[in-house]
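Notes follow the structure.
The values are calculated or read from the model by the stated rules, or taken from the named source; none is laboratory data. Remember, it's a predicted structure, so these values are computed and weren't measured experimentally. Cβ atoms come from the backbone with ideal geometry, glycine included; neighbour counts cover every protein chain shown. In case anyone asks, the SASA skips ligands and DNA or RNA and just uses the protein heavy atoms, side chains included. Shrake-Rupley method; radii C 1.70, N 1.55, O 1.52, S 1.80 Å.
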Amino acid sequence: MLAAGFTEQEADGWLLLNRGAAIFFELPEQHPSDLPEAVEAIHVLQGKYLARPTYRRYLEAARDEGAEGRAR
């Protein structure tokens with residue numbers, strides 16, 4: 001995950017999220033809607049993690065572009 005641009009803390013969170021998801025899916029089913037709801041919730045959190053490196057790069061690019069514009 002570090003190669004994808006995650007910080008150490010983000011990579012730790014990603015691993016814990018996925019470990020927690022795996023444990024959840026091993027639990028006995030209590031209600032038929034639990035599985036699809038859990039899958040959706042996990043995917044939302046995974047998307048939030050995956051967006052973080054891209055958003056940082058976007059902010060850096062905008063900041064750099066702004067600095068270049070001011071230097072002209």
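Just the residues that are over 24 Å from residue 51 (Cα atoms) and either touching a His at 6+ places or on another chain (Cβ under 7 Å) or polar (S, T, N, Q) (or both), please, taken from the range 1-41.
Matches in the range 1-41: 30, 33.
Here's the yes/no breakdown for (1) among the β-branched types (Val, Ile, Thr); (2) open to solvent by 100 Å² or more (accessible area, probe 1.4 Å):
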{"position": "8", "(1), (2)": "no, yes"}
{"position": "14", "(1), (2)": "no, no"}
{"position": "39", "(1), (2)": "yes, no"}
{"position": "42", "(1), (2)": "yes, no"}
{"position": "56", "(1), (2)": "no, no"}
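Hey, among 20, 47, which residue is closer than 22 Å to residue 3 by Cβ, in a helix (DSSP H, G or I) and under 20 Å from the mean Cα position of the chain (by Cα)?
Going through 20, 47 in turn, the sole match is 47.
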